[in-house]
Amino acid sequence: PNGCAQARHCVSTSAARSDGAHYSRVWQYTKSDSSAIRDVLDVVSTGDREMGGLDSGGVVIVERTDNYLYVQFRSKILGLIDDVEFSAVEGHLYYRSASRNPLVLSDNGVNRRRINFIGQQLAARGRWYCPSLYDPVNHAAERAYTESAMEIDEGQEQHYSRANNVFGTIRRP
């Protein structure tokens, strides 16, 4: 998939920068790619207790390599599955969090809140820079944030096509 083309409720670093509903900025780290993925794995494996039950239906690690992590989060009440991918490439962490069920009218900002939580936890560990996302369900500033992010992160453009290549090869049901 390229960005969030097939997913209504999704945030991704590989979405087009002009796609304000889905676009998100790349996170940066100053450690090895494998250490970055270990950090992410640690946060997603233990994070639900601190997220107030956001993903209390369960977390399944589907695939992990030294520079890639694919996780499925399940909602407790409806059992809906969200696919979340992380790819660590030369100090940049690309990610995609998307609801699998296209019939659901709203995810109530769950994908954004999940990504914000993971980013906050990584930043708290040090050696991470993770700009937060505003939740459009709860924040009117989403449009202003997206427009300013497009101006601020000039260096991300060179990594955009790399992220599409990485996520375009993933096998999903």
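The values are calculated or read from the model by the stated rules, or taken from the named source; none is laboratory data. Fair warning: this is a prediction, and the values are worked out from it, not measured in the lab. Neighbour counts run over all protein chains shown; Cβ positions are idealised from the backbone, glycine included. The area values use the complete protein model at the heavy-atom level, side chains included, leaving out ligands, DNA and RNA. Shrake-Rupley method; radii C 1.70, N 1.55, O 1.52, S 1.80 Å.
This table checks each residue for (1) closer than 18 Å to Leu93 by Cβ; (2) of a type in the set (A, V, I, L, M); (3) crowded, with 18+ Cβ neighbours inside 10 Å; (4) at pLDDT 85 or above.
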residue	(1), (2), (3), (4)
Gln6	no, no, no, no
Ser12	yes, no, yes, yes
Ala21	no, yes, no, no
Thr30	yes, no, no, yes
Ser34	yes, no, no, yes
Asp39	yes, no, yes, yes
Gly58	no, no, no, no
Ser75	no, no, yes, no
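Taking first residues from the range 114-134 that are closer than 17 Å to Ser56 by Cβ and open to solvent by less than 30 Å² (accessible area, probe 1.4 Å) and partners that are of a type outside the set (A, V, I, L, M, F, W, C) and part of a helix (DSSP H, G or I), the Cβ contacts under 7 Å between residues at least 6 apart in sequence or on separate chains come to Phe117/Gly47; Ile118/Gly47.
Only a single item in (1) assigned to a strand (DSSP E or B); (2) modelled with pLDDT under 90; (3) of a type in the set (A, V, I, L, M) is not met by Val62, and it is number (2).
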